Amino acid sequence: MLEIETGKSIKALKNVTINEPFFMGHFPKHPVMPGVLMIEAMAQAAALLSFSTLGVTPDDKTVYYFAGIDGARFKRPVGPGDQLIMDVELLRMKAGIFKFKGVCRVDGNLACEAELMCTMRTVA
C-alpha cells in the first residue's frame, strides 16, 4: 500500500517478477500476467480500503467476496519487471455492498480497468 484516504481511495503496488508461478504456463516464451490476477490485485487493495473505511480489522471470521465485475478492459500486457500501480476509488457503499473503480498502470500507461463490487461476510 502506497497511500490510503479512508472512505475515498487507495494506491497500491505489485512488483511483477519472473518467479511468479503463473508465468510457467502463461505463456512459456512470452510471460504475461493473467488479467484475472490484475483484477484480483485491485480487489485486494479494495478490501484494505473497505476495512479502513469501516474501522475494522480483518480476522479469521471475515471473508471478502466479489459481488460483481463490470467493464473490465485490458489495455496492455503486464510482464516480469513491471511495477503494477493500482488506484482504487470507492464509488459507493450501501447495504454492505461496496462499489469501486479500479485502474492498473505500468509506467503511467493504462494496463487494466474495471468496476468492482465486493462485500464482507462473517463466517463461522
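The values are calculated or read from the model by the stated rules, or taken from the named source; none is laboratory data. The structure displayed is predicted, hence computed values, not measured ones. Glycine also receives a Cβ, built like all others from the backbone with ideal geometry; neighbour counts cover every protein chain displayed.
With without any contact (Cβ under 8 Å) to a residue 60 or more places away in the chain and among the polar types (S, T, N, Q) as the only criterion, which of T17, T53, T62 stands out?
T53
Report yes if L2 is touching a strand residue (DSSP E or B) at 6+ places or on another chain (Cβ under 6 Å) and loosely packed, with under 13 Cβ neighbours inside 10 Å, otherwise no.
yes
Go through the range 1-57 and count every residue that is farther than 18 Å from R76 by Cβ, among the β-branched types (V, I, T) and under 11 Å from the mean Cα position of the chain (by Cα).
Within the range 1-57, residues that are farther than 18 Å from R76 by Cβ, among the β-branched types (V, I, T) and under 11 Å from the mean Cα position of the chain (by Cα) number 1.
Take the conditions modelled with pLDDT of 95 or more, more than 17 Å from L84 (Cβ to Cβ) and of a type outside the set (V, I, T) and apply them to G7. Does it pass?
It is true that G7 is modelled with pLDDT of 95 or more, more than 17 Å from L84 (Cβ to Cβ) and of a type outside the set (V, I, T).
Quick one: in the range 78-96, of everything that is over 16 Å from the mean Cα position of the chain (by Cα) and surrounded by fewer than 14 Cβ atoms within 10 Å (Cβ to Cβ), which residue is nearest to F22 (Cα to Cα)?
G81
Within the range 40-70, track down each residue that is among the acidic types (D, E), at pLDDT below 95 and either closer than 26 Å to L110 by Cβ or in a strand (DSSP E or B) (or both).
Answer for the range 40-70, where residues must be among the acidic types (D, E), at pLDDT below 95 and either closer than 26 Å to L110 by Cβ or in a strand (DSSP E or B) (or both): there is none.
Of all residues in the range 67-102, which are under 18 Å from C118 (Cα atoms), touching a residue at least 40 places away in the same chain (Cβ under 8 Å) and of a type in the set (A, V, I, L, M)?
Scanning the range 67-102 gives A67, I69, A72, M86, V88, L90, M93.
This table checks each residue for (1) free of Cβ contacts under 8 Å to residues at least 24 places away in the same chain; (2) farther than 17 Å from G102 by Cβ.
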{"site": "G7", "(1), (2)": "no, no"}
{"site": "K11", "(1), (2)": "no, no"}
{"site": "F23", "(1), (2)": "no, yes"}
{"site": "F27", "(1), (2)": "yes, yes"}
{"site": "G35", "(1), (2)": "no, no"}
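Kindly indicate whether any position in the range 71-85 is touching a Cys at 6+ places or on another chain (Cβ under 8 Å), of a type in the set (A, V, I, L, M) and not in a strand (DSSP E or B).
So far as the range 71-85 goes, yes, one or more of its residues are touching a Cys at 6+ places or on another chain (Cβ under 8 Å), of a type in the set (A, V, I, L, M) and not in a strand (DSSP E or B).
Just need a number here: residues in the range 86-108 that are outside any strand (DSSP E or B) and either at pLDDT below 95 or in contact with a Leu (Cβ under 9 Å, 6 or more places away or on another chain) (or both).
The qualifying residues number 2.
Determine if the range 24-39 includes at least one residue that is buried (at least 17 other Cβ atoms within 10 Å of the Cβ) and not in a helix (DSSP H, G or I).
Yes.
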